[in-house]
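FYI, it's all coordinate maths here, none of it is from the lab. This structure is a prediction, so every number in the text was calculated from the model and none was measured. Because the Cβ atoms are built from the backbone with ideal geometry, glycine has one as well, and the counts that use them run over all protein chains shown.
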Amino acid sequence: MALLIQNGTVVTAESTTLADVLIDGTTIREVRSGIPPQGHEIVDATGLLVLPGGVDAHTHLDMPFGGTYSSDDFETGTRAAAIGGTTTIVDFAIQSRGTKMRTALDTWWGKAEGKACIDYGLHMIVTDLGSSGFEDMDSMVSEGVASFKLFMAYPGVLMVDDATIFRALRQTAKNGALVCMHAENGSVIDVLVQQALAEGKTAPIYHALTRPTVAEAEAVQRAIAMAEMAGAPVYIVHLSSEDALNQVREARDRGLPAFAETCPQYLLLSIEDQMPGKSFEDAKYVFTPPLREKKNQQKLWDGLKHDHLQVVSTDHCPFCFADQKALGKDDFTKIPNGGPGIENRMQLIYHHGVNAGRLTLNRFVEITASAPARIFGMYPQKGTIAPGSDADVVLWGPSAEHTISAATHHMRVDYSMFEGFKVRGNARQVYSRGELIVDRGEFLARPGRGQYLRRTPRGGAWK
Ligand code: URP
Ligand code: ZN
Ligand code: ZN
């Protein structure tokens, strides 16, 4: 029997309409008002918004970092994502130096196998192009890995040189994949970090103070320049500051296919509010790029509104405070970098974006679902509500109130970056490929039901 969602307000990136949505098996069959109810199972969505499931294009589940692993695996992380209204993630496989990307892809498929609760794609982190890097990249594209992440930071671990970046960009100009850039000048930062340590500055706040916004802006500018020379698009991940944003805006004003995402932590948290510098509690906010001064926040919101920024993802990379962040008690460089957020992205952006009058409903859907789906080659299968699309649908209660807390969240981590934040607007029911997987905060589905998404290159976000 098909499922008919009646009387809801259907919101896509383009329109807001009172309409019914008919779900037939795993896909959406029809979207219009007055679909005859006969023979269908009825869901009454009166007073609710009917949204496309959220797409979080930047997560790190079960990721090795600094001698430990991010604390959410594909089961706990995707379950928490679903409860928050996200039905698709794109996680990162990591190529180890001197090995084939294929090995990393198999490893990450293994991590997701039997665990993923929602559909997932994979980016490939490139650490080494070696002698067969180009064939490796092409073979990844044919496996649906339509994007690669390269690091301009973390020297000696993940950082690659400009030649590698440029060569990778040139290959994507041919194979249609998208390079995602972690843009910070790692060499400069390393000098600042060594100096801080030599001066005995070992507290978590020095993680932030040794990574100036100019180091981010310089790398963004360089990444875009290399992409321009290569004739390739580029996507800047986790952009955190006005300085960096200015570089993206200028490039886009020149018509370059430069894209960028930011994350809720940069929109809502700050050095002033979260990192008073007095205790090791600050380690909860050690991630990279770091928290910035508060004055950057409104600039990032403006950037989202005016499409200088296209996407909000989470960079979800949780580490427990008690036994993982604590690895850096005496030395901030040993604190595993990352913070949790996969569950709260939709609530936070809805509340602080739509309720606060900073974003329209349509722009909210665009930056949390449609644009990431498009940019990363999943649209219109994901990211919209239209006939033929996967029936990934969220029934959203616009007046549901919720207080974010580690005591009630579903992420496997012992703190929340947004502890005590009150939000209005929350996912009530979540459908993934037509299956009801969340009902009022309760996860109903089987781990392992999530499918790997073969993404298409040249995702349609640029010519
Ligand atoms: O601190 C962060 N962001 N950890 C995850 C790895 C990355 O750079 O995205
Ligand atoms: Zn990064
Ligand atoms: Zn990341």
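Data table
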| quantity | calculated |
| --- | --- |
| The chain: calculated mean residue ellipticity at 222 nm from DSSP helix runs of at least 4, using -39500 (n - 2.57) | -8000 deg cm²/dmol |
| Order of Val248, Val286 - criterion: other Cβ atoms within 10 Å of each residue's Cβ, fewest first | Val286, Val248 |
| Stretchable slack from Lys334 to Ala322, in nm (0.36 nm times residue separation minus alpha-carbon distance) | 2.9 nm |
| Global form of the stretch 356-402, assessed from the alpha-carbon gyration tensor, a/c cut-off 1.5 | oblate |
| Tilt relative to the chain, helix 213-230 - C-alpha long axis, 0 to 90 degrees, to 10 | 70 |
| Over the chain: Rg over Rh, Cα atoms, Kirkwood Rh | 0.96 |
| Under 22 Å from Lys149, Cα to Cα: lysines that are on another chain or at least 8 residues apart | Lys100, Lys111, Lys174, Lys382, Lys463 |
| Full-stretch length increase - Gln195, Asp307 - with 0.36 nm per residue and alpha-carbon distance subtracted | 36.5 nm |
| Burial ordering of Cys117, Cys180, fewest other beta-carbon atoms within 10 Å first | Cys117, Cys180 |
| Degrees between helix 74-83 axis and first principal axis of the chain (Cα, 0 to 90, nearest 10) | 50 |
| Overall form of the stretch 192-343 per C-alpha gyration tensor (a/c, 1.5; a/b vs b/c) | prolate |
| Sparsely packed trypsin sites (Lys or Arg not before Pro) within the stretch 192-268, loop by DSSP, other Cβ within 10 Å at most 10 | Arg254 |
| Loop-located trypsin sites (Lys or Arg not before Pro) in the stretch 74-142, at most 11 other Cβ atoms within 10 Å (DSSP) | Arg97 |
| Simple label model, 7 Å out from Cα along Cβ direction - Thr99 to Ala2, nm | 4.7 |
